[in-house]
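Visitor: There's a structure below that I have some questions on.
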Amino acid sequence: MSYPDCAYPDDQTKSYISQQEVLGYLKKYVDEFNIKRLIQFYTRVVDISPDVNEGWIIKTEDVKSNLKKELVYDAVLICNGRFYEPTLPKINGQDLFKGPQTHSKDFRTPEPFKDQTVLIVGGSYSGQELCLKIAPVAKRVILSHRAPIMYIKFPDNLTEKTEVAEFTANGARFLDDTIENFDCILYCTGFHYVCPFVSKKCGLNVDNNWIRPLYKQIINVEYPTMHFIGLPYVACGIPLFDFQVQFSLAALEKKFNLPSKEEMIKELGRYMDARRAKGIPDFQAHKLGNAEAQTDYLQQLSDVSGIPPIRPVINKLYARIKACVTLGCRFEIVDDENFRIIS
């Protein structure tokens with residue numbers, strides 16, 4: 001979770017750290033490289049469209065003053081992230097439930113759940129982490145999930161349940177035909193990708209969590225000066241995104257030649273055909289999912305651009321933690337090839 005040009009503090013010895021510690025690291029990065037001067041805060045991008053002169057017309061709005069601007073740029077990198085638009089399941093009886101229903105996107109502090117019985121729907125990373133945050137203040141926590149891998153040690157006041165079959169006014173019936181009552185529902189059911197500011201003139205189809213046609217999940221095949229950073233997921237985010245940016249800048253600086261439009265589209269077709277043959281649905285087009293896929297993807301970027309590949313130890317360490325997550329484990333990188341387990 002480190003950028004190659006900025007290390008975590010020397011006194012940061014844990015390997016599994018809190019979001020507050022990650023946020024502190026990102027703030028440190030911003031301060032160290034004086035990035036804040038480049039950020040236009042309280043500014044919403046309203047529309048991005050290609051200009052007749054091969055540039056980009058970007059319309060923005062100040063959310064405080066409502067002042068609108070229109071500027072022209074030579075290139076645009078879209079880095080708006082995957083975790084904005086919640087995915088909410090459709091479950092029978094949702095409109096019958098009388099208590100509040102929220103999504104993990106809206107979670108800030110556990111205090112609103114004090115002394116309540118809370119149903120958490122979804123047992124992946126967010127669901128498990130929020131169980132640990134909410135359980136100390138809640139009367140009881142009920143975790144409904146599809147039997148994913150569990151990384152946490154369950155608090156005493158947490159109960160596991162199967163998926164919800166239907167909601168009632170005060171609770172739910174689960175697939176195992178048991179019934180529970182609770183005060184509120186917190187959905188930890190993921191997100192789907194949106195970029196409403198990218199106009200149809202950009203030549204992209206943004207649908208079902210898949211943005212296409214993109215070359216190497218980065219470059220807009222129709223307009224190669226529009227790049228997307230951060231689409232691949234279930235991967236080592238920070239090192240991968242950093243490498244994508246290096247690839248993007250090298251392309252814009254013409255340090256390597258892009259294939260023809262036709263060849264880029266053919267490559268995308270081959271990539272998707274290979275995934276479909278493995279039974280991977282199209283809505284997971286940007287999912288890497290394991291160290292092998294991440295290693296292959298980053299090596300492709302390196303081979304095409306000539307940028308030195310990411311340190312092999314990053315992919316090796318990722319493979320290790322994907323195989324067995326133990327939150328108390330501590331790792332230390334020894335060199336570019338090796339790591340060791342401290343405890």
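Visitor: Can you say whether Phe243 is modelled with pLDDT of 95 or more, outside the structural domain of Tyr125 (by the TED database) and under 22 Å from Asp10 (Cα atoms), as far as the supplied structure shows?
Guide: no
Visitor: To continue, here is another question. If you scan region 212-250, which residues turn out to be surrounded by fewer than 18 Cβ atoms within 10 Å (Cβ to Cβ) and at positive phi?
Guide: Val234, the sole residue that qualifies.
Visitor: Residue check: is Ile341 surrounded by fewer than 17 Cβ atoms within 10 Å (Cβ to Cβ) and either touching a His at 6+ places or on another chain (Cβ under 8 Å) or among the hydrophobic types (A, V, I, L, M, F, W, C) (or both)?
Guide: yes
Visitor: Which count do you get for residues in region 82-93 that are of a type outside the set (Val, Ile, Thr), closer than 29 Å to Glu222 by Cβ and open to solvent by 30 Å² or more (accessible area, probe 1.4 Å)?
Guide: Within region 82-93, residues that are of a type outside the set (Val, Ile, Thr), closer than 29 Å to Glu222 by Cβ and open to solvent by 30 Å² or more (accessible area, probe 1.4 Å) number 3.
Visitor: Considering each residue of region 26-35, count those that are part of a helix (DSSP H, G or I) and either open to solvent by less than 80 Å² (accessible area, probe 1.4 Å) or assigned by the TED database to the domain that holds Asn66 (or both), and give that number.
Guide: 4
Visitor: Take region 159-216 and flag every residue that is within 24 Å of Asp95 (Cα to Cα) and of a type in the set (Phe, Trp, Tyr).
Guide: Phe167, Phe174, Phe182, Tyr187, Phe191
Visitor: Which residues, counting only those in region 113-132, are more than 18 Å from Glu163 (Cα to Cα) and either touching a residue at least 24 places away in the same chain (Cβ under 8 Å) or polar (S, T, N, Q) (or both)?
Guide: Here is the first cut: in region 113-132, the ones more than 18 Å from Glu163 (Cα to Cα) are 113-116, 129, 132.
Within region 113-132, Phe113, Lys114, Asp115, Gln116 qualify.
Visitor: Any residue at all in region 267-274 that's open to solvent by less than 40 Å² (accessible area, probe 1.4 Å), touching a residue at least 12 places away in the same chain (Cβ under 8 Å) and either in the same structural domain as Lys216 (by the TED database) or of a type outside the set (Gly, Ala, Ser) (or both)?
Guide: Yes, some residue in region 267-274 is open to solvent by less than 40 Å² (accessible area, probe 1.4 Å), touching a residue at least 12 places away in the same chain (Cβ under 8 Å) and either in the same structural domain as Lys216 (by the TED database) or of a type outside the set (Gly, Ala, Ser) (or both).
Visitor: Based on this model, can you work out whether Asp303 counts as acidic (Asp, Glu) and over 21 Å from the mean Cα position of the chain (by Cα)?
Guide: Judged against the criteria, Asp303 is a match.
Visitor: Using the structure shown, decide if His227 is under 22 Å from Ser124 (Cβ atoms) and either in contact (Cβ under 8 Å) with a residue 40 or more places away in the chain or of a type outside the set (A, V, I, L, M) (or both).
Guide: Spelling it out, it is not the case that His227 is under 22 Å from Ser124 (Cβ atoms) and either in contact (Cβ under 8 Å) with a residue 40 or more places away in the chain or of a type outside the set (A, V, I, L, M) (or both).
Visitor: Condition test on Lys201, is it in the same structural domain as Met272 (by the TED database), open to solvent by 20 Å² or more (accessible area, probe 1.4 Å) and touching a Pro at 6+ places or on another chain (Cβ under 8 Å)?
Guide: Spelling it out, Lys201 is indeed in the same structural domain as Met272 (by the TED database), open to solvent by 20 Å² or more (accessible area, probe 1.4 Å) and touching a Pro at 6+ places or on another chain (Cβ under 8 Å).
Visitor: Considering each of Asp106, Asp74 in turn, give the residue that is under 25 Å from Val206 (Cβ atoms), of a type in the set (Asp, Glu) and assigned by the TED database to the domain that holds Cys236.
Guide: Being under 25 Å from Val206 (Cβ atoms), of a type in the set (Asp, Glu) and assigned by the TED database to the domain that holds Cys236 holds for just one of Asp106, Asp74, which is Asp74.
Visitor: Got at least one residue in region 46-61 being in contact (Cβ under 8 Å) with a residue 40 or more places away in the chain, within 26 Å of Asp242 (Cα to Cα), in a helix (DSSP H, G or I) and not aliphatic (A, V, I, L, M)?
Guide: Within region 46-61, none of the residues are in contact (Cβ under 8 Å) with a residue 40 or more places away in the chain, within 26 Å of Asp242 (Cα to Cα), in a helix (DSSP H, G or I) and not aliphatic (A, V, I, L, M).
Visitor: Does region 301-318 hold any residues that are under 21 Å from Tyr3 (Cβ atoms) and assigned to a helix (DSSP H, G or I), and which are they?
Guide: Within region 301-318, Leu301, Ser302, Ser305, Pro312, Val313, Ile314, Asn315, Lys316, Leu317, Tyr318 qualify.
Visitor: So Trp56 passes all but one of these: (1) open to solvent by 80 Å² or more (accessible area, probe 1.4 Å); (2) of a type in the set (Phe, Trp, Tyr); (3) over 24 Å from the mean Cα position of the chain (by Cα). Which condition number does it fail?
Guide: (1)
Visitor: If I ask for residues that are of a type in the set (Ser, Thr, Tyr) and either surrounded by 18 or more Cβ atoms within 10 Å (Cβ to Cβ) or not in a loop (DSSP other than H, G, I, E, B) (or both), which ones from region 156-188 would you list?
Guide: Within region 156-188, Thr159, Tyr187 meet the criteria.
Visitor: Oh, and also: Checking Val325 against (1) in contact (Cβ under 8 Å) with a residue 40 or more places away in the chain; (2) outside any loop (DSSP other than H, G, I, E, B); (3) not assigned by the TED database to the domain that holds Gln217; (4) not small (Gly, Ala, Ser), which test does it fail?
Guide: (2)
Visitor: Please specify each residue of region 243-271 satisfying the condition of being in a helix (DSSP H, G or I), within 27 Å of Arg311 (Cα to Cα) and acidic (Asp, Glu).
Guide: Glu267
Visitor: Further, regarding this structure: Report, by residue number, each residue of region 315-331 that is open to solvent by less than 70 Å² (accessible area, probe 1.4 Å) and within 20 Å of Asp10 (Cβ to Cβ). Lay out the reasoning, then the answer.
Guide: In the first step, residues of region 315-331 are kept if they are open to solvent by less than 70 Å² (accessible area, probe 1.4 Å); the result is 315, 317-321, 324-326, 328-329, 331.
Scanning region 315-331 gives Leu317, Cys329, Phe331.
The values are calculated or read from the model by the stated rules, or taken from the named source; none is laboratory data. What you see is a predicted model, and the numbers here were worked out from it, not measured in a lab. Note that we place each Cβ from the backbone using ideal geometry, even for glycine, and neighbour counts take in every protein chain shown. With ligands, DNA and RNA removed, areas are computed over all heavy atoms of the protein, side chains included. Shrake-Rupley method; radii C 1.70, N 1.55, O 1.52, S 1.80 Å.
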